[in-house]
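To start, the structure itself, in structure tokens.
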Amino acid sequence: MVAFGVVLARLTLQPSPASEMLTHANLRPGDSIRAYLGQPAFRDTVKQLGGNILLGVPFGLLLPLVSRRSRGFVNVALLTVATMLLVELVQGALITGRAFDIDDVLLNTTGALLGYALVGRRLGRAVYPRRRPEGSPPAGSGRTG
């Protein structure tokens, strides 16, 4: 998780002075996504939208491994939203050539939920197996109360 945090910081918190004149904050969900989908350069659209989705995937894979309480769709979503809101706020307030974009938070969270649904859920269960109540038979034993 620490290694991912370093990569996340390097990708999102690096100044981009060349982009300073092009940046603008987006507080309306969907505005940036529509703008990227409407541009003629398909490669840039895939890079922006796909990149933000991929940036969230490690959250869905790693959060269930960090703690039993960070498992579940709601917990993964809330932790990802909180982290990405913090990143976006820092970008918008402190980083040259970067701006706050709510769509980045939405796309990152979508990526985290995809990662969780496809792999993270199973990883979390492997590391933190479900606890059986005292005296109950193991799963699949065929015995019922």
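Values for this structure:
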{"item": "Sole residue being buried (at least 21 other Cβ atoms within 10 Å of the Cβ) and hydroxyl-bearing (Ser, Thr, Tyr), chosen from Tyr116, Tyr128", "result": "Tyr116"}
{"item": "Listing of helices (runs of 4 or more DSSP H) fully contained in the range 1-113 that carry 2 or more residues being hydrophobic (A, V, I, L, M, F, W, C) and open to solvent by 40 Å² or more (accessible area, probe 1.4 Å)", "result": "2-12, 31-38, 51-66, 73-94"}
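The values are calculated or read from the model by the stated rules, or taken from the named source; none is laboratory data. Everything numeric in this text was worked out from a predicted model, so none of it was measured. Note: ideal-geometry Cβ built from the backbone for every residue, glycine included; neighbour counts use all protein chains shown. Only protein heavy atoms, including side chains, enter the accessible area calculation; ligands, DNA and RNA are left aside. Shrake-Rupley method; radii C 1.70, N 1.55, O 1.52, S 1.80 Å.
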